[in-house]
Amino acid sequence: MNQNDIKAVNELKMLSIDMINRAGGGYPGIALGMAPVMYTLFTRVLNVDPKNPNFMNRDRVILSSSHIAPLYYAMLHIAGYPISKEDLMNYRRCGSNTPGLPELNNSLGVDATTSYAGDGVGESVGIALAKRYINALITEEDNKVNLLDFTTYCFLSDADIMSGTSEESFSFASAQKLNDLVFLYDANLMTSEGSTTGVLNEDIEKKFLAKGFYVDTLKDATNIKEIGRAILAAKNSKKPAIILFRTVIGKDSFNEGKNIMHSGTLSLDDSNNLRRKYNLFLPPFEISKDTVLHVENMRAPRMEKVYSKWQIHYNRLKDIANPNIENILSLLETNKTTIDFHAENYKINEGYRESLLESNFKVMNLIAPRSNLFLGGSAGLGLTCQTLIGGSDYMSDMTPKGRNIRFGVRERAMAYILNGMSLMGLRVFGSTNACFLDEMKSGIRMSAIMNLPVTYIFTHDSLYNGEESSARIPVEQITSLRVTPNILVFRPADITELLGCWEMILKMAKPSALFISKNSIPKLPGSSSNEIAKGAYIIKKEQQKLDGILIATGSEVVSAMQISYDLYSRGLDIRVVSMPSVELFKSMGNEYENLILPKNVKTIVLEASSSFAWCRYATSDDYIIGIDDYVYPGFPLEVVQKMNYDYDSLKLKVESLLKRP
């Protein structure tokens, strides 16, 4: 290594340690061990421009090993991104630009939020998949245009290698034969508990070779020339690639090679020892001008060539007068997809009756022709969930324009891959049975944190799914999402409401979850697509006097309306309120709430799920007719009778509550 490189790497290390020490915590081990790799990536390989951080053809860097964040922030600072010295000094402070783990901020060079082991792997795979899809759409119009040729680099730790989410994502990347995807693995074989011996014994190289990856191993993770060679070879391979860097955790510290270096801080003696060893005498948080200039001189000429090449392709594409190309350019320039869909344009026959699964298939295939940037798939249940886009292929390396994605039975990976695709601006969806929601929860949570407009479709949402097991009946899942911030949850009652739900999903561009029943549902009198925007509305008004209110969602609205009709003959005049989205209803404010749910009227909630979320609207806890225990398995009619959730039992409960003194 030349002296400029040695000095720059050492300053990068110490800047990271200064951040960690000032914050009173962090991850010094990876900062010292992986600094040469981070430095080499930025100076020898990475195509990014701090002055234009949102450049559409920039290389992406995802930190699945999220504890590498202080090293990454330090590198961004040196490279000229708008991360100031004060930002570094405020590492881990509330409201700072440098949170403890990375959070999405493209303007600062952070391409995704990561926290859980393996999440960045799925996001990286999703970015690579989206890139291939967009390129395929472009080359369909002009096969001489290569507008997107960036590479996604993902930093890994031993935790990521052990993660189930990672394993699913690696497997999917292999099946799709993705390239332009390079994983940089900090293989220090040390966790916070100690050595990985006994918890990670497999031959990692052979494992990834068997998956069809390009694999390389560097025993010396300090040699910048060899690191650069390895990364460039991986970048130019035609396969997903992984490089194992045999680093030493906490390299050069008093405790190098020890698990204590995974987190915490360095002692003052240890920090001073490093400064002496590295021959650095600048005050904490200071970087020499020579280092800044050296890094810029290594990066800028390479980026100028990338810009020049890209501009030729971009100008050629802009000259094509084609609505499809205009949509793609809008996507790339704004990083979002807009789809106009108006539910009121579709009139439903009054005699309409079918499974909401079938209805949802039809609605999705009304949306699909409006934009080829709307796509998605299922975790092995595309046919069961009926979420296929008609007339389109399954996505593969041979059919990269396919809009139906077979994720396989990989719910965890699916959620994160969808996040990665959404980071590229595509409007994506993923589906599975509602009982499998828990498999995806961390990925859904990341959608919410990053505010990515991913649509999650959960089918088989009622009691009528228990022929095989109690575990297949989702009683708590919808509640778990309703208490998750920044998720719009929809449970439509019929096809009319379903149309309105999709209009809101596309219009609001937020993370959304759609729960739909496999039950055969009629078009309900009084149902409205326009009212979905309010979250709740009166689907059946009382006829003369208001004796009570029944709030219901989904297929339970059918029962609520029939109960209302039947009990009218017994002297009870009931209003039925359909509430397909609790979140949208809350956003309407107290005036609208009091209008449809007056406080002095007995109010009962009817939903075959946990009663936990309904206390705000029901007169009291015992006015919530929900399901607060796991359900007996069996044939549907047996199950509802066993749970006292058959129609006659529900009607009796409602009547009893309304007649209670």
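Considering only helices (runs of 4 or more DSSP H) fully contained in the stretch 121-228, which possess at least 1 residues that are over 30 Å from Ala8 (Cα atoms) and under 24 Å from the mean Cα position of the chain (by Cα)?
Qualifying helices (runs of 4 or more DSSP H): 158-162, 164-176.
Could you please find all residues in the stretch 233-259 being part of a helix (DSSP H, G or I) and surrounded by fewer than 24 Cβ atoms within 10 Å (Cβ to Cβ)?
Ala233, Lys235, Asn236, Asn259
Got a sec? Which helices (runs of 4 or more DSSP H) wholly within the stretch 529-632 have at least 3 residues that are surrounded by 18 or more Cβ atoms within 10 Å (Cβ to Cβ)?
Working: elements: 556-568, 582-587, 590-596.
Helices (runs of 4 or more DSSP H) meeting the threshold: 556-568, 582-587.
Does Arg403 qualify as being surrounded by fewer than 23 Cβ atoms within 10 Å (Cβ to Cβ) and of a type in the set (Lys, Arg)?
yes
So, in the stretch 486-495, exactly how many residues are of a type in the set (Val, Ile, Thr) and either surrounded by fewer than 24 Cβ atoms within 10 Å (Cβ to Cβ) or in contact with a strand residue (DSSP E or B) (Cβ under 6 Å, 6 or more places away or on another chain) (or both)?
The total comes to 2.
Does the stretch 308-315 contain at least one residue that is more than 21 Å from Gly390 (Cβ to Cβ), basic (Lys, Arg) and exposed (fewer than 15 other Cβ atoms within 10 Å of the Cβ)?
yes
Which of the residues spanning the stretch 328-338 are touching a helix residue (DSSP H, G or I) at 6+ places or on another chain (Cβ under 9 Å), of a type outside the set (A, V, I, L, M) and closer than 15 Å to Leu148 by Cβ?
Asn335
Yes or no, residue by residue, for (1) crowded, with 23+ Cβ neighbours inside 10 Å; (2) hydroxyl-bearing (Ser, Thr, Tyr); (3) modelled with pLDDT under 95:
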position: Arg445; (1), (2), (3): no, no, no
position: Thr455; (1), (2), (3): yes, yes, no
position: Phe458; (1), (2), (3): yes, no, no
position: Ala471; (1), (2), (3): no, no, yes
position: Glu497; (1), (2), (3): yes, no, no
position: Ile505; (1), (2), (3): yes, no, no
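I'm checking my understanding of the structure. Among residues of the stretch 147-163 that are in contact with a helix residue (DSSP H, G or I) (Cβ under 6 Å, 6 or more places away or on another chain) and of a type outside the set (Asp, Glu), which one is surrounded by the fewest Cβ atoms within 10 Å (Cβ to Cβ)?
The qualifying residue surrounded by the fewest Cβ atoms within 10 Å (Cβ to Cβ) is Leu148.
Among the residues of the stretch 204-226, write down those that are among the acidic types (Asp, Glu) and either in contact with a strand residue (DSSP E or B) (Cβ under 8 Å, 6 or more places away or on another chain) or modelled with pLDDT of 95 or more (or both).
The answer is Glu205, Asp216, Glu226.
Any residue in the stretch 500-510 that is assigned to a strand (DSSP E or B) and aromatic (Phe, Trp, Tyr)?
No.
Only one of these is buried (at least 24 other Cβ atoms within 10 Å of the Cβ), in the same structural domain as Leu189 (by TED's automatic domain parsing) and farther than 25 Å from Glu226 by Cα: Tyr73, Tyr39, Tyr27. Name it. Can you show your working first?
Values: Tyr73 fails: farther than 25 Å from Glu226 by Cα; Tyr39 fails: farther than 25 Å from Glu226 by Cα.
Exactly one of Tyr73, Tyr39, Tyr27 is buried (at least 24 other Cβ atoms within 10 Å of the Cβ), in the same structural domain as Leu189 (by TED's automatic domain parsing) and farther than 25 Å from Glu226 by Cα, namely Tyr27.
Looking at Ile17, Ile83, which one is at pLDDT 95 or above, assigned by TED's automatic domain parsing to the domain that holds Ala234, assigned to a loop (DSSP other than H, G, I, E, B) and over 18 Å from Met303 (Cβ atoms)?
Step by step, each of Ile17, Ile83 is checked, and only Ile83 is at pLDDT 95 or above, assigned by TED's automatic domain parsing to the domain that holds Ala234, assigned to a loop (DSSP other than H, G, I, E, B) and over 18 Å from Met303 (Cβ atoms).
Might you let me know whether the stretch 62-78 holds any residue that is outside any loop (DSSP other than H, G, I, E, B), in contact with a Pro (Cβ under 7 Å, 6 or more places away or on another chain), touching a residue at least 60 places away in the same chain (Cβ under 8 Å) and more than 19 Å from Glu286 (Cα to Cα)?
Yes: the stretch 62-78 contains one or more residues that are outside any loop (DSSP other than H, G, I, E, B), in contact with a Pro (Cβ under 7 Å, 6 or more places away or on another chain), touching a residue at least 60 places away in the same chain (Cβ under 8 Å) and more than 19 Å from Glu286 (Cα to Cα).
So, in the stretch 35-58, exactly how many residues are within 27 Å of the chain's Cα centre (by Cα) and either acidic (Asp, Glu) or in a helix (DSSP H, G or I) (or both)?
Result for the stretch 35-58: 4.
Where residues in the stretch 20-30 are more than 18 Å from Ile83 (Cα to Cα) and part of a helix (DSSP H, G or I), which of them is nearest to the chain's Cα centre (by Cα)?
Step by step, filter the stretch 20-30, then rank; the result is Ile30.
Looking at (1) hydroxyl-bearing (Ser, Thr, Tyr); (2) surrounded by fewer than 24 Cβ atoms within 10 Å (Cβ to Cβ); (3) touching a helix residue (DSSP H, G or I) at 6+ places or on another chain (Cβ under 8 Å), which one does Ser64 not meet, given that it meets all the others?
The one condition Ser64 does not meet is (2).
Can you give me the number of residues within the stretch 395-416 that are within 27 Å of Asn143 (Cα to Cα) and either under 12 Å from the mean Cα position of the chain (by Cα) or among the small types (Gly, Ala, Ser) (or both)?
Taking the stretch 395-416 as the starting set, the residues that turn out to be within 27 Å of Asn143 (Cα to Cα) are 395-406.
Subsequent filtering for residues that are either under 12 Å from the mean Cα position of the chain (by Cα) or among the small types (Gly, Ala, Ser) (or both) retains 396, 402.
Here the count works out to 2.
Just to be sure, is Val483 among the hydrophobic types (A, V, I, L, M, F, W, C) and surrounded by fewer than 24 Cβ atoms within 10 Å (Cβ to Cβ)?
Taking the combined requirement at face value, the residue satisfies it.
The values are calculated or read from the model by the stated rules, or taken from the named source; none is laboratory data. This is a predicted model, so every value here is computed, not measured. Because the Cβ atoms are built from the backbone with ideal geometry, glycine has one as well, and the counts that use them run over all protein chains shown.
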